[in-house]
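The values are calculated or read from the model by the stated rules, or taken from the named source; none is laboratory data. Fair warning: this is a prediction, and the values are worked out from it, not measured in the lab. For neighbour counting, all protein chains shown are included, and Cβ atoms are generated from backbone atoms with ideal geometry for every residue, glycine included.
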Amino acid sequence: MGLYTVSKRIARRIWSEGTIIRLEPSLRGMLKIWYAGKRHTCPCCHSRVRRFLTDSRLCPGCGSGPRHRLQWLYLEKEYHLFGRNEAVLDIASWRYFQRYCLRKTALRYHSMDIASRWALEGGDMTALPYKEGVFQVVLCSHVLEHIPEDQAAMREMHRVLAPGGMALIQVPLQGERTFEDPEATSAEDRERVYGRADHVRIYGRDIKERLGRAGFDVELIPYAEKYDEMDRTLYGLDPEETLIIGKKH
Ligand SMILES: [Zn+2]
């Protein structure tokens, strides 16, 4: 067990979640020093580290995983998000991204979650607490696979976007067809069928049609392929992670 896992366990035993969130930047500053090295550079927090942590390959400096780093690269290098002053809705945000948007950019940043302690607003994705057409960007990373009524969630993302707006969506994607088993109703069933007790389906590439039915023009972008193997290792990217871009007319 590495220093990261041990210190996380100790921190959780002695501090409340609120205290950990408050102390997080200083705690991560120490981890960054401990894991300093040349093998990887995090595109989000620019930490240079000898390894990413745990099976989830988390950055010691900011807690990003491969999917966050790919999302960040796209938003920074292709969409130039951080130089804009658009209204962004981040569904189920991650903390470093939220902090960065609020402190370092002119974005009008909103985060919403059904349960999280740090999201700025609470709410249900199938009935978003926002008016029609108020956001230029909606971010929704690894959320839809948890939502039974995903069609309603997709329609809601479309509704709150302004014309010309973009939803950037990520889900675990496997094969062509989406797989749902209506008989997998208990946590044990879902663990067995989908590999995760809190997932309700495994999306295939036909997520494109599902999003299309909600009104989006959809493009599946194998964005990690834009980077060669050396850069994928440097940034800690998953070559399989696909970005799903849904545009509103
Ligand atoms: Zn980082």
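For region 162-170, check the following and say yes or no: at least one residue is touching a strand residue (DSSP E or B) at 6+ places or on another chain (Cβ under 7 Å), buried (at least 16 other Cβ atoms within 10 Å of the Cβ), assigned to a strand (DSSP E or B) and not hydrophobic (A, V, I, L, M, F, W, C). Yes: one or more hits.
Scanning region 66-94 for residues that are surrounded by fewer than 23 Cβ atoms within 10 Å (Cβ to Cβ) and acidic (Asp, Glu) yields 76, 78, 86.
Just so you know, in region 42-97 the residues that are closer than 22 Å to residue 116 by Cβ and of a type in the set (Gly, Ala, Ser) include one that is farthest from the ligand (Cβ to nearest atom), and it is 87.
This table checks each residue for (1) β-branched (Val, Ile, Thr); (2) closer than 20 Å to residue 56 by Cα; (3) assigned by TED's automatic domain parsing to the domain that holds residue 48.
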{"site": "194", "(1), (2), (3)": "no, yes, no"}
{"site": "199", "(1), (2), (3)": "no, yes, no"}
{"site": "202", "(1), (2), (3)": "yes, yes, no"}
{"site": "205", "(1), (2), (3)": "no, no, no"}
{"site": "210", "(1), (2), (3)": "no, no, no"}
{"site": "215", "(1), (2), (3)": "no, no, no"}
{"site": "219", "(1), (2), (3)": "no, no, no"}
{"site": "224", "(1), (2), (3)": "no, yes, no"}
{"site": "233", "(1), (2), (3)": "yes, yes, no"}
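Which one is surrounded by the most Cβ atoms within 10 Å (Cβ to Cβ) among residues in region 122-156 that are in a helix (DSSP H, G or I) and among the charged types (D, E, K, R)? If you could, list the steps in order and put the result at the bottom.
Of the residues in region 122-156, the ones in a helix (DSSP H, G or I) are 144-146, 150-156.
Those still in the list that are among the charged types (D, E, K, R) too: 145, 150, 155-156.
On the way: 145: 20, 150: 24, 155: 17, 156: 22.
Per the stated criteria, the residue is 150.
Could you tell me whether residue 100 is away from the ligand (no atom under 16 Å from the Cβ) and under 24 Å from residue 45 (Cβ atoms)? No: the conditions fail for residue 100. Residue 59 meets the conditions (1) farther than 27 Å from residue 171 by Cα; (2) under 16 Å from the mean Cα position of the chain (by Cα) in every case but one. The failed one is (1). Determine, yes or no, whether residue 119 is at pLDDT 95 or above, more than 16 Å from the ligand (Cβ to nearest atom) and not in a strand (DSSP E or B). No: the conditions fail for residue 119.
So that you can scan it fast, the table gives a plain yes or no per residue for (1) among the charged types (D, E, K, R); (2) surrounded by fewer than 14 Cβ atoms within 10 Å (Cβ to Cβ); (3) touching a helix residue (DSSP H, G or I) at 6+ places or on another chain (Cβ under 9 Å); (4) part of a loop (DSSP other than H, G, I, E, B):
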residue: 23; (1), (2), (3), (4): no, yes, yes, no
residue: 28; (1), (2), (3), (4): yes, no, yes, no
residue: 33; (1), (2), (3), (4): no, yes, no, no
residue: 39; (1), (2), (3), (4): yes, yes, yes, no
residue: 43; (1), (2), (3), (4): no, no, yes, yes
residue: 46; (1), (2), (3), (4): no, yes, no, yes
residue: 56; (1), (2), (3), (4): no, yes, yes, yes
residue: 64; (1), (2), (3), (4): no, no, yes, yes
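Residue-wise test of (1) at positive phi; (2) among the polar types (S, T, N, Q); (3) touching a residue at least 24 places away in the same chain (Cβ under 8 Å); (4) assigned by TED's automatic domain parsing to the domain that holds residue 154.
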{"position": "49", "(1), (2), (3), (4)": "no, no, no, no"}
{"position": "55", "(1), (2), (3), (4)": "no, no, no, no"}
{"position": "76", "(1), (2), (3), (4)": "no, no, yes, yes"}
{"position": "106", "(1), (2), (3), (4)": "no, no, no, yes"}
{"position": "116", "(1), (2), (3), (4)": "no, yes, yes, yes"}
{"position": "122", "(1), (2), (3), (4)": "no, no, no, yes"}
{"position": "128", "(1), (2), (3), (4)": "no, no, yes, yes"}
{"position": "136", "(1), (2), (3), (4)": "no, yes, yes, yes"}
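Of all residue pairs spaced 6 or more apart or on separate chains, those with beta-carbon atoms under 8 Å, a first member in region 20-44 that is at negative phi and a second member that is exposed (fewer than 12 other Cβ atoms within 10 Å of the Cβ) and modelled with pLDDT under 85 are 20/12; 21/117.
Mind checking whether some residue in region 159-172 is without any contact (Cβ under 8 Å) to a residue 60 or more places away in the chain, under 26 Å from residue 87 (Cα atoms) and not acidic (Asp, Glu)?
Just the residues of region 159-172 that are without any contact (Cβ under 8 Å) to a residue 60 or more places away in the chain, to begin with: 159, 172.
Remaining after also requiring under 26 Å from residue 87 (Cα atoms): 159.
Filter once more, keeping what is not acidic (Asp, Glu): 159.
Checked region 159-172: at least one residue is without any contact (Cβ under 8 Å) to a residue 60 or more places away in the chain, under 26 Å from residue 87 (Cα atoms) and not acidic (Asp, Glu).
Would you mind stating whether residue 177 is over 14 Å from the mean Cα position of the chain (by Cα), farther than 20 Å from residue 109 by Cβ and assigned to a loop (DSSP other than H, G, I, E, B)? So residue 177 fits the description; yes.
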